[in-house]
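One structure is given here, and the rest of the page talks about it.
The values are calculated or read from the model by the stated rules, or taken from the named source; none is laboratory data. Everything numeric here is computed off the predicted structure, so don't read it as measured data. Cβ placement follows ideal geometry from the backbone for every residue including glycine, while neighbour counts extend to all protein chains displayed. When the accessible area is computed, the model is the full protein with side chains, heavy atoms only, and any ligands, DNA or RNA have been set aside. Shrake-Rupley method; radii C 1.70, N 1.55, O 1.52, S 1.80 Å.
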Amino acid sequence: MAEETQRRGWAERAQNRWVWAGFAMPGIIWLVLLFIVPFYVVLAIAGGELNVIFQSPVPVWNPLHWTGANFAAVFHDLVGQTAFVGPIFLRTLVYVGVASVLSLLIAYPAAYFVTRYAGRRKVLFLALLIAPFWISYMMRMLAWIDLLQTNGYINRALIDLHVVGQPVDWLGGKSLTVILGLVYGYIPYLILVLYAGLDRIDQRLLEAGRDLGLGRVRTFVRVTLPLSRQAILTGMLITVLPMVGDYFTNQMLSGASSTAMIGNVIDSQLNTASQQSQGAALSLLLLAVLLVPMLYYVFQTRRASEQAY
């Protein structure tokens with residue numbers, strides 16, 4: 001009897017594994033077709049060779065035959081004597097760093113206000129925060145261009161307020177315009193993540209801080225801010241990663257080489273047949289750099305989960 005019961009238990013567990021595997025199969029197929037296969041193609045192109053006659057990349061599908069020539073060329077472009085990618089990469093880090101800090105300074109108060117003071121209008125404010133997602137990124141950048149033109153509303157307002165004497169060429173290759181464009185494009189992601197994190201904070205912890213004699217400012221510093229640290233880390237990761245690879249914002253709002261970002265270099269190389277292999281190698285190196293904050297996020301998330309339990 002005991003053996004039969006044990007056999008039934010094994011059969012049920014095996015059946016459950018197959019059932020859950022069946023549910024996961026569509027996602028696995030989707031992941032393989034749209035991520036793993038394209039990623040391997042990039043690896044094959046980066047490790048491949050160049051057709052001298054047609055000046056086009058020749059992918060090598062066997063990993064044993066991959067060459068590091070393209071990675072060596074990219075490395076020399078980064079730190080060699082004729083390096084031109086290195087300064088662009090540093091510029092990208094500066095742009096992303098400034099834009100992420102500005103996004104956090106704007107998004108955190110907005111999310112905090114909706115969480116704590118919106119009251120019955122919380123749903124309305126959330127709808128207004130989500131509304132930008134209903135419009136494509138290109139349309140939002142086009143609206144930003146319309147505002148920043150020499151005869152746009154920004155220049156008109158600045159002239160009317162006597163801040164400037166003549167229209168400013170905001171779209172003529174200014175770093176400030178690109179940074180503000182990054183903030184404008186990615187800040188909704190950060191606001192929603194911060195709102196979700198702040199909304200999960202137990203109100204009783206804030207009340208306990210007040211009961212212990214902490215004022216509003218000290219309660220925020222001692223209770224709210226530490227408890228929202230994980231939400232800040234998640235939101236910054238979600239916004240910083242796409243910012244680093246962004247190329248469309250600079251193309252729309254500047255287009256000048258003086259404000260080019262690393263994404264613009266990769267885009268230019270991938271659109272040039274003779275440089276597609278180097279573009280693939282550069283994108284892989286960029287991915288390797290981005291793995292550092294992603295691994296840090298995973299480590300911090302696991303440590304926070306262990307401390308919670």
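What number goes with the only condition from (1) within 18 Å of residue 240 (Cα to Cα); (2) in contact with a Lys or Arg (Cβ under 7 Å, 6 or more places away or on another chain) that residue 132 does not pass?
(1)
Can you pull out every residue in the stretch 193-219 that is within 29 Å of residue 240 (Cβ to Cβ) and open to solvent by 50 Å² or more (accessible area, probe 1.4 Å)?
Across the stretch 193-219, the qualifying residues are 199, 200, 202, 205, 217.
Residue-by-condition table, conditions (1) in contact (Cβ under 8 Å) with a residue 24 or more places away in the chain; (2) within 23 Å of residue 302 (Cβ to Cβ); (3) part of a helix (DSSP H, G or I):
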| residue | (1), (2), (3) |
| --- | --- |
| 201 | yes, yes, no |
| 209 | no, no, yes |
| 217 | no, no, yes |
| 234 | yes, yes, yes |
| 266 | no, no, yes |
| 275 | no, no, yes |
| 278 | yes, no, yes |
| 281 | yes, no, yes |
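Okay, residues lined up against (1) hydrophobic (A, V, I, L, M, F, W, C); (2) surrounded by 13 or more Cβ atoms within 10 Å (Cβ to Cβ); (3) at pLDDT 85 or above; (4) farther than 30 Å from residue 216 by Cα:
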| position | (1), (2), (3), (4) |
| --- | --- |
| 48 | no, yes, yes, yes |
| 57 | no, yes, yes, yes |
| 64 | yes, no, yes, yes |
| 102 | yes, yes, yes, no |
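Do the conditions hold for residue 26, that is, is it touching a residue at least 12 places away in the same chain (Cβ under 8 Å) and either open to solvent by less than 50 Å² (accessible area, probe 1.4 Å) or over 23 Å from the mean Cα position of the chain (by Cα) (or both)?
So residue 26 does not fit the description; no.
Exactly one condition in (1) open to solvent by less than 80 Å² (accessible area, probe 1.4 Å); (2) over 25 Å from residue 246 (Cβ atoms); (3) not β-branched (Val, Ile, Thr) is false for residue 222; which is it?
Unmet for residue 222, out of (1) open to solvent by less than 80 Å² (accessible area, probe 1.4 Å); (2) over 25 Å from residue 246 (Cβ atoms); (3) not β-branched (Val, Ile, Thr): (1).
Filter the stretch 66-76 down to the residues that are open to solvent by less than 70 Å² (accessible area, probe 1.4 Å) and free of Cβ contacts under 8 Å to residues at least 24 places away in the same chain and list them by number.
Within the stretch 66-76, 67, 68, 69, 72 qualify.
Regarding the stretch 135-156, can at least one residue be identified that is within 22 Å of residue 253 (Cα to Cα), at pLDDT 90 or above and small (Gly, Ala, Ser)?
no
Can you tell me which of (1) surrounded by fewer than 16 Cβ atoms within 10 Å (Cβ to Cβ); (2) of a type in the set (Phe, Trp, Tyr); (3) touching a residue at least 60 places away in the same chain (Cβ under 8 Å) is the one residue 297 doesn't meet?
(1)
Go through the stretch 268-292 and report how many residues are within 30 Å of residue 228 (Cα to Cα) and open to solvent by less than 50 Å² (accessible area, probe 1.4 Å).
Selection size over the stretch 268-292: 2.
Pick out, from the stretch 114-167, the helices (runs of 4 or more DSSP H) lying fully within it that include 2 or more residues that are surrounded by 11 or more Cβ atoms within 10 Å (Cβ to Cβ) and in contact (Cβ under 8 Å) with a residue 40 or more places away in the chain.
Qualifying helices (runs of 4 or more DSSP H): 122-130, 137-148.
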